[in-house]
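Below: one structure, written as structure tokens.
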Amino acid sequence: MKRIYNFSAGPAILPVPVLEQLSRDVLEINGSGMSILEVSHRGKDYDAVHQEAMANVLQTLGLSPDEYAVVFGVGGASMQFALLPMNFLAEGQTADYVDTGEWSSKAIKDAKRYGTVHVPGSSADTAYNRLPKPLEFSAPGVARYAHITTNNTIEGTQFLALPDTNGAPLAADMSSDIFAVAHDFSKFDFIYAGAQKNAGIAGVTMVIIRKSFLATAKPNLPPMLSYAVQAEKESLYNTPPVFAVHALNLVLKHVQNAGGVAAMDAANREKSALIYDALDAAPDVYQPTVTEKNDRSLMNITFRLRTEELEKQFLKEAQAREMDGLKGHRNVGGVRASIYNAFPREGCVALAELIGDFARRNG
Ligand SMILES: *Cc1c(COP(=O)(O)O)cnc(C)c1O
């Protein structure tokens, strides 16, 4: 099997042992004579996967099933932009939303359909090239919840420290850094993350909800849109995305065997530093788009070159060295290296080498 360095922002690289297991299970799961793609979502083979996946999500985050519920959603993280306020925000109520990029702007737009949005801080005025500071959250007791995007996949910023929300329940879109950075996850009341960046394949979105917060959700929603119903039915109200949950479970086992979130955190800091250091060493050629070093993402490293012509040349040389997926998001351009948990250190070394080598020839 040929493997190149895949810097795609999502869907993204998966651990090879997970791909190997998935390919075996596509042919036959557990000696059942059936493919994972063929078994009933209410049969024993899938049931074991489903229960294990829910348990592994919480275990990997260091959370207790007594305190937190896990829901496997569909429709991507984008669906959660609407479901979170639909379930928790009513007219006349306020939710705080920090505006740190394209994904948080979309979450804000949907929240405004259900209630009042207070923005504690925005970096829109500087093209989201930093995290806004200071953050002015609503006074204690005012906001229903406070929402952040922990990692801004497109703009390349990341909350490595969690903000103080003045006591509002903390809700987070962690689509591109769940299981990648160590936090005290008990500080979160609500986490959602599409699986296809750090945790598996497209098709399932993890939603982790503190049970005491869930108890405050609005009643009488259609069951498919209600976190309370989905949690009570353990995401088996209807057919769940069976294969995606299976992939998620295998990724979680892989992460745990590799030392868990603490080990991912350490590796991601080291991997990203290799690339940032190479960029910072040649400031006449490269401009990292995030200049405030403390705000830089460990997951998505975004930078520009002096001219678009040089950017094209850089991407071409990267391709020639078997590095793919480095083109920046279509809305912002430039170069973006996405180096999630499964991305190997050797690939970061290879990119750092190209960065240095290219700078020597084009400085
Ligand atoms: C990719 C991404 C999304 C959108 O995810 P979908 O699963 O495609 O809806 C939302 N938020 C963040 C932070 C992302 O990186």
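The values are calculated or read from the model by the stated rules, or taken from the named source; none is laboratory data. Bear in mind that the values here come from a model prediction, so they are computed numbers and not experimental data. Please note: Cβ atoms are built from the backbone with ideal geometry, for glycine as well, and neighbour counts cover all protein chains shown. Ligands, DNA and RNA are excluded from the accessible area calculation, which covers all protein heavy atoms including side chains. Shrake-Rupley method; radii C 1.70, N 1.55, O 1.52, S 1.80 Å.
Annotations for the structure displayed:
- Scanning residues 5 or more positions from A342 or on other chains, none has an amide H under 5 Å from its amide H, with H placed 1.01 Å from N in the peptide plane.
- Summed over all non-identical Cα pairs, the Kirkwood treatment of segment 275-363 gives a radius of 13.1 Å.
- Selected from R269, R42, R144 as most flexible by GNM, with the chain as the system and alpha-carbon contacts under 10 Å: R42
- With the simple spin-label model, which puts each label point 7 Å out from Cα in the Cβ direction, the E67 to E317 separation comes to 5.0 nm.
- Given charges at Cβ of Lys, Arg, Asp, Glu: the chain dipole, positive-most of Y5, A263, A48: Y5
- Less than 5 angstrom separates the built amide H of I301 from those of A337, S338, I339, all sequence-distant by 5 or more or on a different chain.
- Per residue solvent-accessible surface (Å²) - segment 261-362, probe of 1.4 Å: 45
- Under the Karplus curve 6.51 cos²θ - 1.76 cosθ + 1.60, θ = phi - 60°, whole-Hz ³J(HN,Hα) for segment 20-34, x wherever Gly or Pro sits: 5, 5, 4, 5, 5, 6, 5, 7, 7, 9, 6, x, 7, x, 9
- Debye, to nearest 20: dipole size of segment 16-257, +1 on Lys, Arg Cβ, -1 on Asp, Glu Cβ: 320
- For the chain, adding -39500 (n - 2.57) for each run of n ≥ 4 DSSP H residues and dividing by the number of residues yields -11500 deg cm²/dmol at 222 nm.
- Accessible carbon and sulfur surface of segment 261-362 relative to its total accessible area, %, 1.4 Å: 50
- Simple spin-label estimate for N294 and N30 gives 4.9 nm between the two label positions (7 Å along the Cα-to-Cβ direction from each Cα).
- This model, with +1 at the C-beta of Lys and Arg and -1 at the C-beta of Asp and Glu, gives segment 1-155 a dipole about its Cα centre of some 340 debye.
- Rounded to the nearest Hz, the phi-derived 3J(HN,Hα) couplings of segment 56-72 under the Karplus curve 6.51 cos²θ - 1.76 cosθ + 1.60 (θ = phi - 60°) are 5, 4, 5, 4, 5, 8, x, 10, 9, x, 5, 9, 10, 10, 10, 10, 9, where x marks glycine and proline.
- Amide proton proximity set for R144, modelled H, under 5 Å, gap of 5+: T94, A95, D96
- Segment 73-118: C-alpha gyration tensor shape, a/c 1.5 cut-off, then a/b vs b/c: oblate
- Mean Cα-pair separation over length for the chain, i.e. relative contact order, pairs under 8 Å, 6 or more apart, %: 22
- Segment 55-209: C-alpha gyration tensor shape, a/c 1.5 cut-off, then a/b vs b/c: rounded
- Each distinct pair of alpha carbons in segment 96-158 adds a 1/r term; the inverse of their mean, the Kirkwood radius, is 11.8 Å.
- When you work out D = kT/(6 pi eta Rh) for the chain at 4 °C and 1.567 mPa s, using the Kirkwood radius from C-alpha pairs as Rh and the Stokes-Einstein form, the result is 61 µm²/s.
- Rounded to the nearest Hz, the phi-derived 3J(HN,Hα) couplings of segment 119-134 under the Karplus curve 6.51 cos²θ - 1.76 cosθ + 1.60 (θ = phi - 60°) are 9, x, x, 9, 10, 4, 5, 10, 6, 6, 8, 7, 8, x, 8, x, where x marks glycine and proline.
- Taking the DSSP beta bridges with both ends in the chain, the antiparallel portion is around 60 percent.
- Looking at segment 129-199 alone, DSSP beta bridges between its own residues are antiparallel in about 20 percent of cases.
- Segment 1-122 shape via C-alpha gyration tensor axes, a/c threshold 1.5: prolate
- Cα centroid separation, segment 126-201 to segment 20-49 (Å): 35
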